[in-house]
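Working notes, beginning with the structure itself.
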Amino acid sequence: MDGNGRWAQRRHLPRVAGHRAGAEAVRRAMQAAADAGVEVLTVYAFSSENWRRSEEEVSDLKGLMRYYVERELDTLQKEGVRLQLIGEPGAFGNDLYDRLVHSVEQTQANSRLTLVVALNYGSQGEIAAAARELARRAVAGEIAPEQIDEKAIEGLLQTHGLPPLDLLIRTSGEVRLSNFLLWQAAYAELVFTDVLWPDFDEQAFNAALSEYARRQRRFGGR
Ligand code: FPP
């Protein structure tokens, strides 16, 4: 969800105004995904590298999340959206963490769309944690090193149980993955758009879906 800062800068507004508009764009994307019959939508809300931002910006982002997690619970229920988290959101403190977990629990029975929010998430860290756990099991004699294969690693990723990643969209003209779902993106279709995240609306979402539909997916075959 890149481009919030630039969106605000162009309007001579503080960065937090861009994040606020970005949060509104999350709501629109959620609606567009549900309407299009998308099963799972994952948004990268805070990376494990975002702690490098100013204390003020981190605090603004936490404030926004607190506001939305409270305010949007009704919407999630009404729209049949199941909330799930990946990353290490415990680092945001007990108050926010407890509210997030509450919303996750309250929405578990919903089945129209799963909204996965990546909070304090980093893909390399996620893979390293899986490797660490498999090494621990091997040392404890619970598994043989030969049993460590793609399936074993996948089973320990935080996205375990979710369907394979089909489409990855990055906004604002940046053309890199920035530590997001690296393993999961092995065969995903990548769409890069110049649209800044706060401007990413239903039309932009559907344009990305159309581009995805035009791609020929071969998964290494012919
Ligand atoms: C990247 O834009 C955006 C972020 C680091 C934050 C994303 C967070 C939200 C959209 C709000 C909270 C989320 C939810 C789920 C309610 P940038 O700041 O890097 O923009 P720039 O590259 O133009 O500076």
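Bear in mind that the values in this text are calculations on the coordinates, not laboratory data. Predicted model only: the values in this text are computed from it and were never measured. Because the Cβ atoms are built from the backbone with ideal geometry, glycine has one as well, and the counts that use them run over all protein chains shown.
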Residues of the range 62-113 satisfying the condition of being assigned to a loop (DSSP other than H, G, I, E, B) and of a type in the set (Gly, Ala, Ser): Gly80, Gly93, Ala109, Ser111
The listed residue being in contact with a Leu (Cβ under 7 Å, 6 or more places away or on another chain) and either among the β-branched types (Val, Ile, Thr) or closer than 24 Å to Ser48 by Cβ (or both), out of Ala129, Ala152: Ala152
Neighbours by Cβ (under 8 Å, 6+ apart or cross-chain): first from the range 1-20, free of Cβ contacts under 8 Å to residues at least 12 places away in the same chain and farther than 11 Å from Val195 by Cα; second assigned to a helix (DSSP H, G or I) and near the ligand (Cβ under 9 Å from one of its atoms): Gln9/Arg15; Gln9/Gly18; Pro14/Ala8; Ala17/Ala8
Failed item, numbered, when Gly5 is tested on (1) more than 14 Å from the chain's Cα centre (by Cα); (2) more than 10 Å from the ligand (Cβ to nearest atom): (2)
Positions within the range 143-192 being more than 22 Å from Gln216 (Cβ to Cβ), within 16 Å of the chain's Cα centre (by Cα) and among the basic types (Lys, Arg), in sequence order: Arg176
Among (1) part of a helix (DSSP H, G or I); (2) out of contact with any Gly (no Cβ under 9 Å at 6 or more places or on another chain); (3) touching a residue at least 60 places away in the same chain (Cβ under 8 Å); (4) surrounded by 15 or more Cβ atoms within 10 Å (Cβ to Cβ) - the single one Glu24 does not satisfy: (4)
Scope the range 75-98; condition more than 19 Å from Val40 (Cα to Cα) and surrounded by fewer than 16 Cβ atoms within 10 Å (Cβ to Cβ); matching residues: Gly90, Ala91, Gly93, Asn94, Asp95, Asp98
Every pair of residues 6+ apart whose Cβ atoms lie under 8 Å, when the first sits in the range 196-220 and is farther than 17 Å from Val38 by Cα and touching a residue at least 60 places away in the same chain (Cβ under 8 Å) while the second is surrounded by 11 or more Cβ atoms within 10 Å (Cβ to Cβ) and among the β-branched types (Val, Ile, Thr): Leu196/Thr171; Trp197/Thr171
Residues located in the range 191-206, provided they are away from the ligand (no atom under 16 Å from the Cβ) and loosely packed, with under 14 Cβ neighbours inside 10 Å: Gln203, Asn206
